[in-house]
Amino acid sequence: MPQSKLFEPITIGGSTLANRIVIAPMCQYSAEDGKMTDWHLMHLGMLAQSGAGILTIEATAVLPEGRISYADVGLWDDATEAAIDRVLKSVRAWSHMPIAIQLAHAGRKASTAKPWDGGGQIAPDHANGWQTVSASDLPFAASDNPPVALDKAGMAKVREAFAEAARRSVRLGIDAIQIHAAHGYLLHQFLSPLSNKRTDEYGGSLENRMRFPLEVFDAVKAAVPEGYPVTVRLSGTDWVDGDDWQEGGWDSDSTVAISVELEARGCHAIHVSSGGLDPRQKIPVGPNYQVPLARAVKQAVGIPVIAVGLITEAHQAEAIVSTGDADMIAVARTVLYDPRWPWHVAAELGASVTASPQYLRCQPSTLKALFKTA
Ligand SMILES: Cc1cc2nc3c(=O)[nH]c(=O)nc-3n(C[C@H](O)[C@H](O)[C@H](O)COP(=O)(O)O)c2cc1C
């Protein structure tokens, strides 16, 4: 069997990962006042035994009002930092898997119920609700309480909060930062002409709409040591630009443009997802549906590009990286459903993963070479 590309090491910034499988960030809606709980210890501990190249901590709010829901994880003060520290110390005692964190601000999509409680917006005058902010005062859904458009002082506060959370991430020994600029959250709200109607230097042209997200990126870079991996997650399109739209949304060309700009500023990888900005989106969901968006970025930059979205099969994942559509693949639901997915993929592709010695005896006798010991 030819050697698997998926299981070849890859370097992101100064960190070398054992393989090209990324565990995508996944909100758990199980924090208390922004603080990780024992659920996170269990959940991240489980994923840290998966054999993936890197594990990404869920969207972690840089300010309380930047949480999607009141049960989101945050990293905005010493208490939230200490809660992550407790979880990571336990996970790290038993796993060498590199761990990244996704730093986020939900903007106008904040102040919601947990998904299993309906996920709708909670009004500011209700328990667990608050006033949201955005690039402009346009709500996500017409029935939502409109956000307040950030003024310059508000933007400076957000920028500094990203930088401060980045400093805390480094102090926590987290291996990489991913800035969340996808899925219709605050930075994406600045990028898309559908949500950004500003008339100052942060709205209008593509250059102006990219300005604030790039300032946040620069602030994070300035807050971390030279070479420390800083990556960005983008939506490759809003999926709303059709003939019947008066004005197209954020699209693949814009994604390529910001990726080139991010690479020039020292970004170490681009993670290409899509959608989330506008309820009118029409997403052609299916296996590999976001891969063409990653491929477009990959053709324009030299840094690693990560593809994600309904990647569920070993040979599907292998084909994405071996044909050069992307350098890595990320999985979310796939690995929740099958937390040893990287083991099973390695077995199918004739490769090996690092496993903890406690689990070595489960290795099927036909797959003697599956495990490397930690
Ligand atoms: C439970 C759950 C929580 C998620 N939370 C986040 C998140 O915190 N940040 C983010 O960028 N995407 C989040 N996503 C999106 C995933 O990272 C991923 O992009 C998406 O699910 C597509 O990958 P998949 O088909 O492998 O699930 C979440 C997805 C799921 C299923």
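The values are calculated or read from the model by the stated rules, or taken from the named source; none is laboratory data. As the structure is a computational prediction, the values presented were derived from the model and not from experiment. Glycine gets a Cβ as well: all are built from the backbone with ideal geometry, and neighbour counts include every protein chain shown. Heads up: the accessible areas ignore ligands, DNA and RNA and are worked out on the full protein's heavy atoms, side chains in. Shrake-Rupley method; radii C 1.70, N 1.55, O 1.52, S 1.80 Å.
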Subject >> Relative packing of 85-91, 154-160, 182-188, which averages over residues the other C-beta atoms within 10 Å, highest first >> reply: 182-188, 85-91, 154-160
Subject >> Residue-count net charge about Gly203 - beta-carbon cut-off 10 Å; Lys, Arg +1, Asp, Glu -1 >> reply: +2
**OP:** Please give the helix 152-171 orientation as an angle from the longest Cα principal axis of the chain, in degrees from 0 to 90, rounded to the nearest 10.
**Re:** 20 degrees
**OP:** Place the peptides 212-221, 16-25 in order of packing, highest mean first, counting for every residue the other Cβ atoms within 10 Å and averaging per peptide.
**Re:** 16-25, 212-221
Subject >> Listed residue pairs exceeding 32 Å between alpha carbons, taken from Lys221/Lys298; Lys35/Lys109; Lys109/Lys372 >> reply: Lys109/Lys372
Original post:
Hey, how many Å between the Cα centroid of region 305-354 and the Cα centroid of region 55-119?
Top reply: 25 Å
Original post:
Roughly speaking, what % of Cα-Cα pairs in region 288-336 are separated by over 13 Å, rounded to a whole number?
Top reply: 49 percent
Original post:
From the residues Ser195, Ala149, Gln358, which one has its Cα farthest along the dipole of the chain in the positive direction, the dipole being from +1 and -1 charges on Cβ of Lys/Arg and Asp/Glu about the Cα centre?
Top reply: Gln358
Subject >> Peptides ranked, highest mean first, by Cβ atoms within 10 Å: ranges 230-240, 294-304 >> reply: 230-240, 294-304
**OP:** Using Cα pairs closer than 8 Å and at least 6 residues apart in sequence, work out the relative contact order for the chain, in percent.
**Re:** 16 percent
Original post:
So, with a 1.4 angstrom probe, what is the percent of accessible area on region 19-338 that is carbon and sulfur?
Top reply: 53 percent
**OP:** Hey, can you find the accessible area per residue of region 86-231 for me, probe 1.4 Å, expressed in square angstrom?
**Re:** 39 Å²
Original post:
Counting Lys and Arg as +1 and Asp and Glu as -1, what is the net charge of the other residues whose Cβ lies under 9 Å from the Cβ of Ile10?
Top reply: -1
Original post:
Expressed as an acute angle from 0 to 90° and rounded to the nearest 10, what is the orientation of the C-alpha long axis of helix 78-94 relative to the principal long axis of the chain?
Top reply: 20 degrees
Original post:
222 nm [θ] for the chain, helices only, -39500 (n - 2.57) per DSSP H run of 4+, per residue, to 500?
Top reply: -9500 deg cm²/dmol
